[in-house]
Amino acid sequence: MPLRTVPSAAVAPSSWALFRRLLGLFRPYRARMALGVLLSTLATLAGIGLMGLSGWFLASMGLAGVAGASMDYFTPAAIIRGAAIVRTAGRYAERLVNHDLTLRVLSSLRVHLFARLLPLAPAGTAFLGHTELFSRLRADVDRLEHAYLAVFLPILVALIALPLVTVVLACYVWPVAVLGALAVLLVAVALPWWLARCGVATSIAMVETEATLRALTSDALLGAAELRIYGGAAAQAQRIAALTAAHGRHRSKLDRLQATGGVLVTLAAQLATVTGLVLGARALQHHAIGPAELAMVVLLTLAQFEAVASLPEAISQLRATLVCAARVFALIDAEPRVADPAASTAFATSAARADLRLRDVHLRYGEDRPWALRGLDLDLPAGRRIAIVGPSGAGKSSLIGALLRFHPIQSGSIELAGRPLDTYSGDAVREMIAVVEQRTHIFNGSLLDNLLIARPDATAERIREVLGAAQLTDVVAGLPEGLNTWLGEAGVLLSGGEARRVAIARALLADRPIVVLDEPTEGLDAHAAQALLGALARLTAGRSVILITHRLEGMASLVDARLTLRDGRIVN
Ligand SMILES: Nc1ncnc2c1ncn2[C@@H]1O[C@H](COP(=O)(O)OP(=O)(O)OP(=O)(O)O)[C@@H](O)[C@H]1O
């Protein structure tokens, strides 16, 4: 079973453009960002200073002891203690501010992404699938914190802190300062660049493998019953195992690269320190510095690497982060297939005006796909009730999709209340039409939550009324906590027929002038179906009804006329 993965084209925008766009998300939080950078720089400088000062202090104390001289150790000891406190407190505060900032950015990004996704559904999201969308909303967004915390912040801190260290070192032994700066540049720029180059293909492959693995695992869990019935579990498990192994290979290649980076950083730091020691000793010989200052210079040379030590690892992971960013931005940038007009026509909400008129409507799901609707004409004056009867594949669901502005029509016209449908926003159209679909989604919440989606301010009396009309009163009485019973994921506590009735109750509660009923009695026994139809007739009185079905049997009393849909057009 082939699964869609992230197309490599998803990483097409340049890394730099992606990185800049990613950082742009932090712009509204400039003040917090400045505070985070300041605290981080302070903590880093305090750590480096602590090392240098300690070296100087211990060496001075030792020398004073050997020479039998007295020395004021209170002041340097107090400064060292102060630096230690600044380092610890600064690190704590820095974590607090920077992680809080990142979480704020990611949660607002998630909300924004979700808001962008809704208008895309269902036409623009169906091709990706739920797992892929969920994966982008969760895992990809989570990974984006890496760009700020592990890459941008350390680079900025190093850019501010290290020139200061270089200046201090240059005041004592300038060749050590120059050498230290060169070694730090090597570690902070050349090494990460090389590591990123070596890991680029693996990083992309790893993100793609992770996404496919998530999709495959979720598919296997959702289809567990089918896999067991038809014996496909072993093959699915094999596919998951193969992908897990591939993921492991990518991961260990990146880990090896990171480990190599770590070794090279340590090597560069130690080489710089030894060379600093040699150059410092020469300065000592020429009486340019004292012995205690030599200890300070050598330890400062070593300590400055603390500011850049994590960069090679962070930058080697940057590519994977940017791949995730590309996946997230691709969703944000996706244009809805059905665009809302710049200014939506306001509805005169009276049900009496909700005439529907379709002329020569053509709809298909892709240029290479056959027409699902081909020249469909339909008139539904306000308050009229019609049945559209057609075999499977005739275009019944496509008609609903076109009416709700979920799918664009390629030609023809649809008018609602005398105006073209495309002069209304999708939301405005959907405020006029309630639909009970064939495949009803029951949300992971209580029965009451599921009803209130349609009308959050519904009164208890109205809820009782629609429950009665949808033949749900006994079902609710049998639930452990009545209306407040948690229905579980996808309403697992309900039978198919009960879920259908909840959807009907929801549509009735929505109280819209046009009601579309897609196979309302499917899943009900003859007695329950009759009772439901009677209730539907009463409750939909005065509204337009489109009853969509394969067979009208037993439901004819609900409608005034019967139309037949075949091959995408009304044939009688
Ligand atoms: N999202 C989609 N992408 C591509 N093709 C689609 C899509 N939805 C429907 N089709 C195609 O459009 C045609 C009409 O399908 P539609 O679902 O509208 O028929 P239907 O009458 O509702 O069928 P059924 O009664 O089986 O639900 C079919 O050939 C179907 O394969």
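On a 0 to 90° scale, report how tilted helix 460-469 is relative to the longest principal axis of the chain, with both axes built from alpha carbons and the result rounded to the nearest 10.
Taking the Cα atoms of the chain, the angle to 460-469 is about 50 degrees.
Would any residue of the range 147-163 have its amide N under 18 Å from a label point 7 Å out along Cα→Cβ of V178? List them or say none.
Correct set: 163.
Relative contact order for the range 25-333: what is it in percent, counting Cα pairs under 8 Å that are at least 6 residues apart?
Worked out over the range 25-333, it gives 33 percent.
Could you check how much of the accessible area of the range 351-570 is carbon and sulfur, as a whole percent, using a 1.4 Å probe?
It is 47 percent, rounded to a whole number.
Considering the dipole of the range 25-333 built from charges on the beta carbon (Lys and Arg +1, Asp and Glu -1) around the Cα centre, which of A326, L294, T275 is farthest to its positive end?
So the residue we want is A326.
Whole Å is fine, so just give me how far the alpha carbon centre of the range 175-205 lies from that of the range 304-333.
Between the Cα centre of the range 175-205 and that of the range 304-333, the gap is 14 Å.
How much of the accessible area of the range 144-223, probe 1.4 Å, is carbon plus sulfur, in whole percent?
79 percent
Show that you can apply the helix-only estimate: for the chain, add -39,500 (n - 2.57) for every DSSP H stretch of four or more residues, divide by all residues, and state [θ] at 222 nm to the nearest 500.
Computed mean residue ellipticity for the chain: -19000 deg cm²/dmol.
Can you tally the net charge around G426? Count Lys and Arg as +1, Asp and Glu as -1, for every other residue whose Cβ sits under 15 Å from the Cβ of G426.
+1
How large is the accessible surface per residue of the chain, computed with a 1.4 Å probe and reported in Å² as a whole number?
Result: 49 Å² per residue.
The values are calculated or read from the model by the stated rules, or taken from the named source; none is laboratory data. Since the structure is predicted, the reported quantities are computational estimates derived from the model, not experimental observations. Here the Cβ is made from the backbone with ideal geometry for all residues, glycine too, and neighbour counts use every protein chain on show. These area figures cover heavy atoms from the full protein model, side chains too; ligands, DNA and RNA do not enter into them. Shrake-Rupley method; radii C 1.70, N 1.55, O 1.52, S 1.80 Å.
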